[in-house]
Every structure is written in C-alpha cells, then in structure tokens.
Amino acid sequence: MLPSEEAFAAAASALGIENKDGIVVYDGKGIFSAARVWWMFLVFGHEKVWVLDGGLPRWRASGYDVESSASSDAILKVSAASEAVEKVYQGQTVGPITFQAKFQPRLVWTFEQ
C-alpha cells in the first residue's frame, strides 16, 4: 500500500524534492491519482503539498500554459526515482538524500482498524 520511509525518501530525493519545497500535484484525468500522491506526502511528513483543483484538464480549460512534452531532465528524474526505490529494497545505498521522510501512523489504518 505504501513504500517504506527509506524508499519514499529516496524517490522524492531523486526527483529533486526537498523538505522545504512546496509541491502541487495533478493528474491528466482531473482527480484520479493526484489525491493519492498528496496523501502519501502527508503520510511521510510533508505538509506543503496541494492538489490542483480539477487537475490538468481544468488547467487547460482555463487557458493556462502547459508544456507539450516532458523535458529530458524530468524523464531522467523519474527513471532515477524508480532506480532509487529498487536499490533501497535490494539493501543498496542510495544518495544523496535531500528529502527526510517521517512516517505519520495516524494517517494510516490497518486492516483490523
């Protein structure tokens, strides 16, 4: 359901995210997966995260600018994040870690709860 603290920190760090950063999440459907990303950041102690109301469809419909394709830098960061998570689960060292995750158990319920 959730990655480990270490895996989340490694992925966020590989994406260039730091604890001081504010993050706006969105998806291409309007509100499909963005809310889960928002929740995961909260679960790992990052409160400066927001969901773009209406997602990318509403942004476009409102006439705001969008880039037509992902930059090569963004594609490399996503690949690096995936590799960092794999390394964590294989017990390998990753770095540098720029995002410190702090699990918030009050935001997650177990099956029994």
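The values are calculated or read from the model by the stated rules, or taken from the named source; none is laboratory data. In this text the structure is predicted, and so the values were computed from the model without any measurement. Please note: Cβ atoms are built from the backbone with ideal geometry, for glycine as well, and neighbour counts cover all protein chains shown. In case anyone asks, the SASA skips ligands and DNA or RNA and just uses the protein heavy atoms, side chains included. Shrake-Rupley method; radii C 1.70, N 1.55, O 1.52, S 1.80 Å.
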*Quick check: is even one residue across the range 13-24 closer than 10 Å to A101 by Cβ, at pLDDT 95 or above and in contact with a strand residue (DSSP E or B) (Cβ under 8 Å, 6 or more places away or on another chain)?*
no
*Which condition does S62 not pass, out of (1) hydroxyl-bearing (S, T, Y); (2) closer than 16 Å to E5 by Cβ; (3) surrounded by fewer than 10 Cβ atoms within 10 Å (Cβ to Cβ), if it passes all the others?*
(2)
*Taking the range 65-104 as the region of interest, how many residues are exposed (fewer than 13 other Cβ atoms within 10 Å of the Cβ), at pLDDT below 95 and within 19 Å of N19 (Cα to Cα)?*
2
_Long-range neighbours under 8 Å by Cβ, at least six apart or interchain, first residue assigned to a helix (DSSP H, G or I) within the range 72-91, second surrounded by fewer than 11 Cβ atoms within 10 Å (Cβ to Cβ)_ = K87/T93
*Are any residues in the range 16-38 touching a helix residue (DSSP H, G or I) at 6+ places or on another chain (Cβ under 7 Å) and surrounded by 13 or more Cβ atoms within 10 Å (Cβ to Cβ), and if so, which ones?*
G16, I23, V25, Y26, D27, G30, I31, A34
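Against the definition (under 14 Å from P3 (Cα atoms) and open to solvent by 50 Å² or more (accessible area, probe 1.4 Å)), how does E47 come out, yes or no?
Values: under 14 Å from P3 (Cα atoms): no; open to solvent by 50 Å² or more (accessible area, probe 1.4 Å): yes.
Taking the combined requirement at face value, the residue does not satisfy it.
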